[in-house]
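The values are calculated or read from the model by the stated rules, or taken from the named source; none is laboratory data. Predicted, not measured: the structure shown is a model, and the values here were computed from it. Because the Cβ atoms are built from the backbone with ideal geometry, glycine has one as well, and the counts that use them run over all protein chains shown. Surface areas here come from the heavy atoms of the whole protein model, side chains and all, with no ligands, DNA or RNA. Shrake-Rupley method; radii C 1.70, N 1.55, O 1.52, S 1.80 Å.
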Amino acid sequence: MEHTKKNNLPMIVIFGRTNVGKSTLFNRLVEKNQALISDIAGTTRDSNLNEVSWRGKKFIVVDTGGIMDLSDKISAEEKIGNIEIKVQDQAQQYLRRADLILFLVDTKTGLLPMDKQMALFLKKSLKETKKIILVANKVDNFRRAGEIAEFNKLALGEPFPISAATGAGTGDLLDLIIKKIKLRKTAVGTKNLLSEEEAIRVCIIGKPNVGKSSLLNSILGYERVIVSPEPHTTREPQDTEIIYKTKPIVLVDTAGISKKGTKTKGLEKHGIMKSLKALEKSSIALLVIDINEDITHQDAKLVEEIFERKASLIIIANKWDLIEKKDPKKYSDYIYGSFPFATWAPIHFTSALTGGKVNKILDLILKINEGRKIILGDSQLNKFLLKIVKIHLPAKGKGTKKPHIYEFKQTQNNPPKFQLRIGSRDDLHFSYVRFVTNRLREKFGFLGTPITIEVKKNKGAHGRHIGE
Ligand code: GDP
């Protein structure tokens, strides 16, 4: 994948208090890159993230200036804790992912309390200072570079003098960056920086040629997505880890979804097998269909598999650009009509080719993941049950007796599972279970996720598993 390669690069993060010159340095590095390298025109440009190439080595530079709000004055007395709050999530994520951090200070103002606090914050949160380069900016006269000595107090090594505004010293800084990246690569090896948070596992499945690779490429190429440069312990080599809005997401077995062999029947089968394998390891599936083509048995089979595995589902109706009369309602009806098991799945009409609205898909993934984790307490569910029984009395199944619900509780989350306990000789009609499921969804969310409700009788172990 072209974008995987492009984003799978060492990451350099520029950090420092307001007004030290972070964005000037960022622009300087990026500009240098553009003056020297012409073949990366077309690379995603972002106000605070860009690719830089220096002496044939490529890396990503991130300016935390745009994503941190440190503008309001923090008094000297304030503690590190306050800074932690201010260094917002996204900046923290960048700092953790960084291969190198350029900690920028300002020689014109000299060492300020805020610099000290931020240095402490860095030391505390990184637990190692090897990946920090202390950079003294606004050194306009290199003969007086001795003035920067006061920054030694930060105990972050020798300050490196530059002037981001004139560009002086920035070439040498780039050389140092390259050297350090090389050293770190051999020293760190395959370190796992994200072990604290479990990644959301997502697969992109569907028939050949519907646009899976194109969708994957637009996700990996999306400017707000960081593709993790380091292998993760919970992922296999062919999986790709990305970070979106500070959340790690593993795109499962994306290498298996290739353009190779899409036409012949045997290989087509193979593609579906790959889809199923990827599905096994995921909690969320993006099922891609070509909205210009009829939905087939194969698609329905995949939906069935998704439902059986209790994976969450987003239906991606791709190649929407080719549809002349764009009537989402009509197409939604057609899709849900073909997938009667998945009327709870959100449908997203898109064009992977134009890379449109990738953020919507990623936001949906985060939202669905939240829903999968919901845990509802017993009293909350009892209240809920009382209300819905009032709307609609439990309908009986085979038996003659009106069923009575004794208890309703959640027995599992991620994926959500509930239990309805009824009288030993009662039988609950399946449509009532569906009714409860729908009300649950209405009241608590569970976007895009199959809900299982198990009906258990008071005595005996003849419980039934009923989905929707
Ligand atoms: P895959 O086999 O599912 O991975 O499909 P690909 O991503 O290789 O796409 C198959 C073909 O459809 C390629 O020629 C793509 O350029 C094209 N394609 C993919 N997405 C779109 C889209 O949204 N609109 C249009 N018009 N073409 C698309």
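Quick look at the values:
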item: Those residues of the stretch 339-353 which are open to solvent by 80 Å² or more (accessible area, probe 1.4 Å) and either at pLDDT 95 or above or over 16 Å from Ala285 (Cα atoms) (or both), in sequence order; result: Pro340, Leu353
item: Residues satisfying the stated conditions in the stretch 348-373, i.e. aliphatic (A, V, I, L, M) and under 25 Å from Thr246 (Cα atoms); result: Ala352, Val358, Ile361, Leu362, Leu364, Ile365, Leu366, Ile368
item: Every residue from the stretch 422-454 that is at pLDDT 90 or above and in a loop (DSSP other than H, G, I, E, B); result: Phe446, Leu447, Gly448, Thr449, Pro450, Ile451
item: Tally, over the stretch 337-353, of residues that are free of Cβ contacts under 8 Å to residues at least 60 places away in the same chain and under 18 Å from Val210 (Cα atoms); result: 6
item: Residues within the stretch 197-216 that are surrounded by fewer than 20 Cβ atoms within 10 Å (Cβ to Cβ), under 16 Å from Asp239 (Cβ atoms) and within 13 Å of the ligand (Cβ to nearest atom), tallied; result: 1
item: Enumeration of residues in the stretch 321-364 that are of a type in the set (Phe, Trp, Tyr) and within 16 Å of the ligand (Cβ to nearest atom); result: Tyr331, Phe349
item: Residues that are surrounded by 13 or more Cβ atoms within 10 Å (Cβ to Cβ) and either part of a loop (DSSP other than H, G, I, E, B) or at pLDDT below 90 (or both), drawn from the stretch 155-165; result: Leu156, Gly157, Pro159, Ile162, Ser163, Ala164, Ala165
item: Ala317 within 16 Å of the ligand (Cβ to nearest atom), open to solvent by less than 30 Å² (accessible area, probe 1.4 Å) and not assigned by TED's automatic domain parsing to the domain that holds Lys409; result: yes
item: So Ile422, is it open to solvent by 30 Å² or more (accessible area, probe 1.4 Å) and in contact (Cβ under 8 Å) with a residue 12 or more places away in the chain; result: no
item: Boolean, Lys373 is modelled with pLDDT under 90 and farther than 30 Å from Glu305 by Cα; result: no
item: Pairs with Cβ under 8 Å, 6+ apart, first in the stretch 309-324 and on the phi > 0 side of the Ramachandran plot and assigned to a loop (DSSP other than H, G, I, E, B), second among the hydrophobic types (A, V, I, L, M, F, W, C) and within 13 Å of the ligand (Cβ to nearest atom); result: Lys319/Val210; Lys319/Ile291; Lys319/Ala352; Lys319/Leu353
item: Among (1) surrounded by fewer than 14 Cβ atoms within 10 Å (Cβ to Cβ); (2) among the charged types (D, E, K, R); (3) part of a helix (DSSP H, G or I), the one test that Lys401 misses; result: (3)
item: Some residue of the stretch 376-396 being outside any loop (DSSP other than H, G, I, E, B), within 16 Å of the ligand (Cβ to nearest atom) and exposed (fewer than 15 other Cβ atoms within 10 Å of the Cβ); result: no
